Amino acid sequence: MAPVIAGRILRQSAGALLSCSLLLAGLAAAAGDPRQGEYVARLGGCHSCHTDPTRKDAPLAGGVELKSPFGTFRAPNITPDRETGIGGWSDTDFVRAMTQGVAPDGRLYYPAFPYTSYTKMTERELLDLKAYLDTLKPVRNAVPPHDLRFPYNLRFALAAWKWLFFRPGGYIPDPQRNASWNRGAYLVTGPGHCGECHTARNFLGATMEKHALAGTKSGPDGKRVPNITPHRKDGIGLWSADDMVEFLRTGKVPYGEDVGSPMEEVILNSTSHWSALDLKAVAEYLLSLPARETPK
């Protein structure tokens, strides 16, 4: 790796560690609310990725496979089992993983785990989520490692990927917008991590901001991913806010068929559990975005 790149990575890592240290300094005195954390788990889509549909008796015990052009990723066990889950994690470990993409042992996580979006989450919601996960039944389930093709299986290269593409930091409200719009922006770009699926990626797997939420012709599983900007032809430009709320609540698509997989699972496990105010906030935010064409 060129010295200038290595130096920049070290400077960015030092800055991130300082920011993270300041954020985590008060965690010991904070206490998460597991009741609120259960709702945060629904906001973050935890059940869709971490619950194997063939093991309904083992919620959040991992094992779900995500096929991608880079190989197969396997979601980990996030129950409080001390050997195969996160039972040995501290609050500090958890917040660092969610906001920095770093495991308790220092390993870097692949961005298939959407810490690139979760970094925008508030400290309070992260602590609530950890408190909820700690109340779950520990499930012993040793998830096999990812099966990635070369060179994507070289985990040390993730340091360079993060330097190039990862920008840590919480959501910053727009003072020109109202509270509802800002809540919608927070949900879409943070815990809801909508852009992780609905935004086209480059050959290194990073989302392309110029195509934010404009969908893709071919997603990770080879299927089309819809455009959710207000483009009248490619996206949701003909939808009303009520249409969007109804879709996120029930999966019913205006002027078309009901939603299919994988969004069906997202609605079932996540958005159908969101409050009416949060659904309206998301609709308000999405319909305010610039209309973008789906990239060819």
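The values are calculated or read from the model by the stated rules, or taken from the named source; none is laboratory data. Note that this is a predicted model, so its numbers are computed, not measured. Don't worry about glycine lacking a Cβ; one is built from the backbone with ideal geometry, like all the others, and counts go over all protein chains shown.
Here are a few things to note about the model shown:
- Annotation: VAL188 fulfils all but one of (1) under 21 Å from the mean Cα position of the chain (by Cα); (2) not in a helix (DSSP H, G or I); the unmet one is (2).
- Of the listed requirements (1) more than 14 Å from the chain's Cα centre (by Cα); (2) surrounded by 18 or more Cβ atoms within 10 Å (Cβ to Cβ), GLY106 misses just one: (2).
Yes or no, residue by residue, for (1) within 24 Å of THR72 (Cα to Cα); (2) touching a Pro at 6+ places or on another chain (Cβ under 7 Å); (3) surrounded by 12 or more Cβ atoms within 10 Å (Cβ to Cβ):
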| residue | (1), (2), (3) |
| --- | --- |
| ALA185 | no, no, yes |
| CYS194 | yes, no, yes |
| ASN202 | yes, no, no |
| ALA214 | no, yes, yes |
| ARG224 | yes, no, no |
| ILE228 | no, no, yes |
| GLY237 | no, yes, yes |
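- Test: TYR118 is within 19 Å of the chain's Cα centre (by Cα) and either under 16 Å from CYS46 (Cβ atoms) or in the same structural domain as ASN202 (by TED's automatic domain parsing) (or both): yes
- Residues that are within 15 Å of ALA41 (Cβ to Cβ) and modelled with pLDDT under 95, drawn from segment 65-105: none
- In segment 63-163, counting only helices (runs of 4 or more DSSP H) that sit wholly within it, none holds 3 or more residues that are without any contact (Cβ under 8 Å) to a residue 12 or more places away in the chain.
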